[in-house]
Amino acid sequence: ASSSSGCRSEKAGSAMKLTDFTTLSFDCYGTLIDWETGLLGILRPWAARHGLAQDAEALLSAYGRHEHAIEDANPTMLYADILRAVMRAIATEHGLRASDAEAEALAVSIGDWPPFADTPAALAYLKQHYKLAVLSNVDRASFARTQTKLGVALDAVVTAEEVGSYKPDPRNFRALLERLDTLGVAPGQVLHTAQSLYHDIAPARQLGLATNWINRRHDKPGVGASPASEAEPHFTFNSLADFADAHRAERAG
């Protein structure tokens, strides 16, 4: 894998540059939006109310495990309903029953999840140099509440609701590429940028896309709310700000 200092491609004898691309496709939750902070804002008080001694990593791991299983079994279920089901599954795991209000609290929290501190400024810079698209495991109504927090106009948005499946299903990435094709963007012009190796980097690579890992959890243990993956990205940065800075330096250099 490349690093924020090297930014080298894995193609023998060639260097892939950030300025080679015209379009950035982003995962949203985990990459642009701090979904783990958002999730913990609901899960921590819930655990405390029920006397569960669960630290942040345990809660996130439980969330990720159940989310993946429920999405896999119910690919057409709306994401807000996935969240309701996850809350009930986490409760059941601890011998509890989540009330409708507790399940609803997690489902409606999506629009309150905060952007990472560097997201608005980095996107504003990147928008000057790329088309910006989002490929998200979410429903349209939930994403509409998030979009205002990003601070930029997006050129394309593809949600799991429209595709009828959840990443890492390749159908989601094919739907993205079809949407971008209508904008005159070829697959080779796209740099898929995401935090989750499992949901995004691995399937994007399998479809031949260039990939850019924003390693938001570089200073934390474990993999958080996403399943583990050994996928190797073409580029790696610890933040969106680092990515924007590298692009800036490449243009200046």
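Numbers for the structure displayed
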read-out	value
Filter result for the condition that a residue is among the charged types (D, E, K, R), more than 25 Å from Ser61 (Cβ to Cβ), out of contact with any helix residue (DSSP H, G or I) (no Cβ under 6 Å at 6 or more places or on another chain) and in a helix (DSSP H, G or I), over Arg145, Arg179, Arg205	Arg179
Test: Val152 is part of a loop (DSSP other than H, G, I, E, B), modelled with pLDDT under 95 and surrounded by fewer than 21 Cβ atoms within 10 Å (Cβ to Cβ)	no
Search result, residues across segment 69-105 that are in a helix (DSSP H, G or I), over 20 Å from Ser226 (Cβ atoms) and of a type in the set (Val, Ile, Thr)	Thr92
Hits in segment 222-238 (condition: open to solvent by less than 40 Å² (accessible area, probe 1.4 Å) and over 30 Å from Met87 (Cβ atoms))	Pro233, His234, Phe235, Thr236, Phe237
Meets criteria (open to solvent by 10 Å² or more (accessible area, probe 1.4 Å) and without any contact (Cβ under 8 Å) to a residue 12 or more places away in the chain) for Asp100	yes
Number of the condition not met by Gly30 [criteria: (1) on the phi < 0 side of the Ramachandran plot; (2) modelled with pLDDT of 95 or more]	(1)
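Residue-wise test of (1) within 25 Å of Leu176 (Cα to Cα); (2) touching a residue at least 60 places away in the same chain (Cβ under 8 Å).
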{"site": "Ala47", "(1), (2)": "no, no"}
{"site": "Ala69", "(1), (2)": "yes, no"}
{"site": "Leu78", "(1), (2)": "yes, yes"}
{"site": "Ala124", "(1), (2)": "yes, no"}
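The values are calculated or read from the model by the stated rules, or taken from the named source; none is laboratory data. Predicted model, so just to flag it, every value in this text is computed and none were measured. Here the Cβ is made from the backbone with ideal geometry for all residues, glycine too, and neighbour counts use every protein chain on show. To get the accessible areas, we keep the full protein, side chains included, count just its heavy atoms, and leave off ligands, DNA and RNA. Shrake-Rupley method; radii C 1.70, N 1.55, O 1.52, S 1.80 Å.
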